[in-house]
1. Quickly run through region 45-57 and pick out the residues that are modelled with pLDDT of 90 or more and not hydrophobic (A, V, I, L, M, F, W, C).
2. Within the set of pairs 6+ apart or on separate chains, which have a first residue in region 67-78 that is polar (S, T, N, Q), a second that is assigned to a loop (DSSP other than H, G, I, E, B), and C-beta atoms under 9 Å apart?
3. Quick check on Asp31: is it of a type in the set (Asp, Glu), over 15 Å from Gln80 (Cα atoms) and in a strand (DSSP E or B)?
4. Checking the conditions here, which among Asp9, Asp37 is among the charged types (D, E, K, R), assigned to a strand (DSSP E or B) and at negative phi?
5. Checking Gln61 against (1) surrounded by 10 or more Cβ atoms within 10 Å (Cβ to Cβ); (2) at negative phi, which single condition isn't satisfied?
6. Tell me which residues, restricted to region 22-58, are out of contact with any strand residue (DSSP E or B) (no Cβ under 8 Å at 6 or more places or on another chain) and either of a type in the set (Asp, Glu) or surrounded by 15 or more Cβ atoms within 10 Å (Cβ to Cβ) (or both).
7. Quick one: Val79 ticks every box in (1) at pLDDT 90 or above; (2) surrounded by 13 or more Cβ atoms within 10 Å (Cβ to Cβ) except a single one, so which number is it?
Amino acid sequence: MNGLSGLPDEFFSGETYTRQVAGILSINGIDVPLTFDLEIRNDGNVLNVLGRTVFTWDQLQMPVPTARLVVSVEDEVSVQLLLVAEPG
C-alpha cells in the first residue's frame with residue numbers, strides 16, 4: 001500500500017481519524033488498483049485500524065463463483081479488515 005499521510009504525530013484516547021489509502025490487489029497475475037477507506041481509532045492502549053473496500057469479480061477477470069444449490073454470490077465483493085496494534 002502507498003503511504004498513509006495526514007495523521008497527527010499523536011492523538012489521544014477516544015479520537016478517530018478517517019483516511020484513504022491506495023493499493024494493488026494481485027491475484028492470478030491480475031493487478032487491480034483499490035482504495036481502502038480507513039477509520040483509525042485510539043482506544044487507549046490499543047490502536048484499531050478498520051479498512052473497507054469493494055471490487056468486482058469482473059475486475060479480477062474471473063467469473064462469479066457459483067454453487068447454485070448451496071449459496072448465491074453477488075458480483076460485488078466487499079472486503080473489511082481490522083488491524084489491532086498494541087505497544088510491545
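The values are calculated or read from the model by the stated rules, or taken from the named source; none is laboratory data. Owing to the predicted nature of the structure, the values given are computational and were not obtained by experimental measurement. All Cβ positions, glycine included, derive from the backbone under ideal geometry; neighbour counts span all protein chains shown.
1. Scanning region 45-57 gives Asn48, Gly51, Arg52, Thr53, Thr56.
2. Close Cβ pairs (under 9 Å, with a partner that is assigned to a loop (DSSP other than H, G, I, E, B)) amount to Ser72/Thr66.
3. Yes: the conditions hold for Asp31.
4. Just one listed residue meets the conditions, Asp37.
5. Here Gln61 meets the rest and fails (2).
6. Correct list: Asp43, Asp58.
7. Here Val79 clears every test but (2).
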